[in-house]
1. Scan (1) under 25 Å from P75 (Cβ atoms); (2) assigned to a strand (DSSP E or B); (3) away from the ligand (no atom under 15 Å from the Cβ) for the single condition L425 breaks and write down its number.
2. Out of contact with any His (no Cβ under 7 Å at 6 or more places or on another chain), under 28 Å from D242 (Cα atoms), part of a helix (DSSP H, G or I) and among the small types (G, A, S) - does that describe any residue in region 57-71?
3. Would you confirm whether or not region 349-358 contains a residue that is away from the ligand (no atom under 16 Å from the Cβ), over 30 Å from E59 (Cα atoms) and outside any helix (DSSP H, G or I)?
4. Can you confirm whether region 61-81 contains a residue that is hydroxyl-bearing (S, T, Y) and within 16 Å of the ligand (Cβ to nearest atom)?
5. Can you confirm whether region 208-217 contains a residue that is among the polar types (S, T, N, Q), within 16 Å of the ligand (Cβ to nearest atom) and assigned to a loop (DSSP other than H, G, I, E, B)?
6. If you go through region 182-199 one residue at a time, do you hit one that is touching a Leu at 6+ places or on another chain (Cβ under 9 Å), free of Cβ contacts under 8 Å to residues at least 60 places away in the same chain and surrounded by 11 or more Cβ atoms within 10 Å (Cβ to Cβ)?
7. Only one residue in L305, L300 is crowded, with 17+ Cβ neighbours inside 10 Å and either of a type in the set (A, V, I, L, M) or over 30 Å from I128 (Cβ atoms) (or both). Which one?
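The values are calculated or read from the model by the stated rules, or taken from the named source; none is laboratory data. Treat the numbers as computed from the prediction; the structure is a model and nothing was measured. Neighbour counts are summed over all protein chains in view; Cβ atoms, including those assigned to glycine, are modelled from backbone coordinates with ideal geometry.
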Amino acid sequence: MAGSKKSASVVPYAPASGRRAAIVAGLRTPFCRSGTAFRDMTALDLAKAVVSELVARSEIDPREIDQVVFGQVVPSISGPNVARELVLGTNLPKQIEAYSVSRACATSIQSLVSAANAISSSGADVIIAGGTESLSDVPITVSRALAQALVEASKAKTLGDKIKSFRRLKGRDLLPVPPALKEPTTGLTMGESAEKMAKENGISREAQDAFAHRSHGLAAKAWAEGKFSDEVIPVHVPPRFDQTVQEDNIVRKDGQLESYRALKPVFDRRYGTITAGNSSPLTDGAAALLVMSEEKAKALGYDPLGYLKSYAFAGVDPGEQLLQGPAWAAPTALDRAGLGLADMDLVDMHEAFAAQVLSNLQGFSSKKFAEERLGRPEPLGEIPDEKLNVNGGSIALGHPFGATGARMVTQTLRELARRGGHHALLTVCAAGGLGAAVVLER
Ligand SMILES: CC(C)(COP(=O)(O)OP(=O)(O)OC[C@H]1O[C@@H](n2cnc3c(N)ncnc32)[C@H](O)[C@@H]1OP(=O)(O)O)[C@@H](O)C(=O)NCCC(=O)NCCS
């Protein structure tokens, strides 16, 4: 298989004190296609809803909370430190310190890891970690030329000078500028980069559509079986709070494989294979975790959902295979845990695009990739169907960038409990060529 020519860098986990981070509870809002049920809510509104409910349901005394670590990928200009706004905008004590993180689609994996590191090394005991995103409420800005003219005008002393500041503007400078979902270094969108991976790795349209259909089928089944009812909160939509959103609105409950085949490619209209059906959609939602030191969880009488055992992040060259980071990060996370892929009872791989998941699975099982790229004698191996994304993934559930990692942690740990399993591997690919992998245990 094709891969990047330069080695990726992989940053491993070095637990400092041995104080394990327990994930005591996790919740998320429903995930809704952007521009639909949550279109009038901000990322902060969604975060406030889920964190308030997490505190209420877990019955944690808010005075016990040491820190809030939260993330958002497309930031709100009015409150860029969403974590602190979250503390100030809920009933949490204002003394709780808070900071925000951003690691593209792996943002709330970073929140969890940051919380675990604070528990391990700084003596913090109780942390709320998570992420939020509203792609219905993205900052629309102005062109650089208009911004410069406005600054110049604000400094001008006379009306004439103020008017002169705008003299050089052209018509196109007045157009609003939406946030780019493009890689700054390559100029390619995520979808174009995934299309490149599909071509280089020989991932067929049929395989992508079948994988996407599987994701929707499993997510629909999980909802029907009530598996999500204790991890997804009802959200009362402001300003009148007379509408309540109870469920994700992206999952196709009775989709047919034929309907995927009918969709036209979006990112390479002529030769492409990636469609609206086999991509994750633009989504609004938030997810939060209550993380504690193991000792504190025990002292307060909690029975944790599980523990963070290890993690690793990787960086690959965005110009090569942008979303192949998980295949680089997972071996290190497993090594750090002292476990192999076969020891995992579950694997949850974030589904940015079916082509990206299938490319990473290829990386997991390819001897050539292991030997030539990772410098390992053997590949990680194959993941049995009954262990992979068993309750659906981001294609069906949606992908509010900042919230996805925390959604995966809760969803996987709860499934691990249902199965009586012990270990799970989670992976997330992210913009900038980043990959994240964590091993969870219970
Ligand atoms: C792929 C993408 C461009 C599609 O956007 P979109 O055109 O707004 O998508 P829609 O949901 O409106 O779907 C388009 C059409 O396909 C249809 N469709 C989507 N999935 C379908 C399925 N599984 N079966 C049948 N029809 C489907 C929709 O019903 C819609 O039909 P309509 O036009 O008749 O209403 C957008 O979802 C996207 O950019 N996704 C990637 C986001 C991204 O880059 N994320 C980062 C990853 S890390």
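1. Looking at each condition in turn, L425 falls short on (1).
2. yes
3. From region 349-358, those away from the ligand (no atom under 16 Å from the Cβ) are none; that's our starting set.
No, region 349-358 contains no residue that is away from the ligand (no atom under 16 Å from the Cβ), over 30 Å from E59 (Cα atoms) and outside any helix (DSSP H, G or I).
4. No: zero hits.
5. No, that holds for no residue.
6. yes
7. Details: L300 fails: crowded, with 17+ Cβ neighbours inside 10 Å.
L305 is the lone residue from the list that is crowded, with 17+ Cβ neighbours inside 10 Å and either of a type in the set (A, V, I, L, M) or over 30 Å from I128 (Cβ atoms) (or both).
Condition check ((1) at pLDDT 95 or above; (2) among the hydroxyl-bearing types (S, T, Y); (3) touching an Asp or Glu at 6+ places or on another chain (Cβ under 9 Å); (4) not in a strand (DSSP E or B)) across all residues:
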{"residue": "L146", "(1), (2), (3), (4)": "no, no, yes, yes"}
{"residue": "K157", "(1), (2), (3), (4)": "no, no, no, yes"}
{"residue": "D173", "(1), (2), (3), (4)": "no, no, no, yes"}
{"residue": "E192", "(1), (2), (3), (4)": "yes, no, yes, yes"}
